[in-house]
Each structure stands twice: as structure tokens, then as C-alpha cells.
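Here is the structure we will look at, set down as C-alpha cells.
The values are calculated or read from the model by the stated rules, or taken from the named source; none is laboratory data. Please read these numbers as outputs of a predicted model, since none were measured by experiment. When we count neighbours, we look across all protein chains shown, and the Cβ atoms used for this are built from the backbone with ideal geometry, even at glycine.
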């Protein structure tokens, strides 16, 4: 069961302008977003990364490169693999519009209260349920690949978007997609999931400043509690695990 780090890209010029960027090309991190990524790179330094996977959009690829710039315990980070299915929601005709304008649209209430029914307008628009399906399939496939190539204790990272991370977390938590707006994924936050054979374990959500060193693989031979990072069991510890 590898450890998956779900990382949202750093703050962008579209974020500060209040514009729904979607798949608009050329949206990059602003100065603060670059600083966020640089700070996260230092927090990630104690962790060996077996793989780095990123959305194809520029803001995610830029974030991934900034995170890779700081070597890990094994030296240089692996190159970033682009995964189309981790791209932003295809917002269709909403793309590029101001959020304050979109909030007046009837579909806005559906996105807030019944997102599983929300399908964005226009020939390029997709549904939030469709996005969740592709994103969950992608992370599970990459997780299985990482386990096969690097072992069950491997740590890997996926750099993607806020709604995508929330959808993946909702699936891992067993939440209906209609509840995913209760979750948050701030710029350059880290959420952590481990996919056990019977169930996922969600270890962290929206972590924007915590120590990540505890997520590093444990030394071989040390006993692990079920439900903790590195556990080989799908069972949760009754009464609570002992921690990492």
C-alpha cells in the first residue's frame, strides 16, 4: 500500500483575479504561489518520492517542477509524468468567467448542493461525477503501478487541482459526491491517502504546514500497526492505531 500525496498547485493569477481558469492555457503561479511551492518542497525533503504525476495544465506542471527542485533522501527526484485524467474539471462555457458572475447562474446552486448532478454547459463541459470517475481511476492505476515497481512502502505524489482532490478524497472517505463541498484543498496543501486491499485510509487532508517526515517509509523490521502508514492490513485498529 503506497502512500499517495495529493498536492494542489500553488496560487495562480486566476485565483487572485477571481476567475475560473479551467483548462485555459498560460495560467501560471503568481509570486506567492511560487513561494508556497518552494516552502512545500522543503517540507517534502525528508520523503523519498518513487513517482511524481501531474495534471497537464501549466500551473500544476510548474508546481511539480518547483517541488522536484529540492532533492530527497535518495537525491534527485524522478521526472514528472503527465496524466490527462488528473486535469482540471472541464468547465465548458464557464471557463474564464468571473466567479461572482457564475454565482448568479442557476447551475451554481446545483454545484453547491447536488454536485453529482452538475454538468457544465457547452460542448467541452463535463459533469463533476465524470471528473471523479476519471480521477479516481487514474490515482488507483498509478498507485498499483508504484506498488508493483517500487514496493508497498513507496511514497508518490500527484499534483492536481482543488475540485479533483476533493473528489478523490470523497471517494476515499466513502462520501457521496454530493458531500464533497464539505472538503477543502487550499493551494499547495497536501492530502494523504493509502489504498489498502479492502478500503482506503485517509491520513491527512488540506495540510498546509504540518511536518511530513512521519510519512517516510519505516525501517524494515519495525512492527507496524494496522491502519498506520506502512500497514499491510486493510483492518482498522479497534480503539485507534498507535500512530506513525
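Given 82, 89, 70, 52, which one is closer than 23 Å to residue 214 by Cα, under 16 Å from the mean Cα position of the chain (by Cα) and touching a residue at least 24 places away in the same chain (Cβ under 8 Å)? Talk me through it step by step, then tell me what you get.
Numbers: 82 fails: closer than 23 Å to residue 214 by Cα; 89 fails: closer than 23 Å to residue 214 by Cα; 70 fails: under 16 Å from the mean Cα position of the chain (by Cα).
The conditions single out 52.
Applying the condition of being without any contact (Cβ under 8 Å) to a residue 24 or more places away in the chain and outside any helix (DSSP H, G or I) to region 175-194 and asking which residue is surrounded by the most Cβ atoms within 10 Å (Cβ to Cβ) yields 183.
Look at (1) crowded, with 20+ Cβ neighbours inside 10 Å; (2) under 23 Å from residue 39 (Cβ atoms); (3) at pLDDT below 95 and you find that residue 244 fails only one, number (1).
Inclusion of residue 39 among residues that are buried (at least 21 other Cβ atoms within 10 Å of the Cβ) and touching a residue at least 60 places away in the same chain (Cβ under 8 Å) is not warranted. Starting from residues that are assigned to a loop (DSSP other than H, G, I, E, B) and within 24 Å of the chain's Cα centre (by Cα), keep the ones in region 105-118 and report whichever is surrounded by the most Cβ atoms within 10 Å (Cβ to Cβ). Here the residue is 118.
Residue 171: modelled with pLDDT of 95 or more, outside any strand (DSSP E or B) and under 23 Å from residue 39 (Cα atoms), yes or no?
Working: modelled with pLDDT of 95 or more: yes; outside any strand (DSSP E or B): yes; under 23 Å from residue 39 (Cα atoms): no.
Criteria not met by residue 171.
With respect to (1) under 20 Å from residue 9 (Cα atoms); (2) under 22 Å from the mean Cα position of the chain (by Cα), the lone exception for residue 99 is condition (2).
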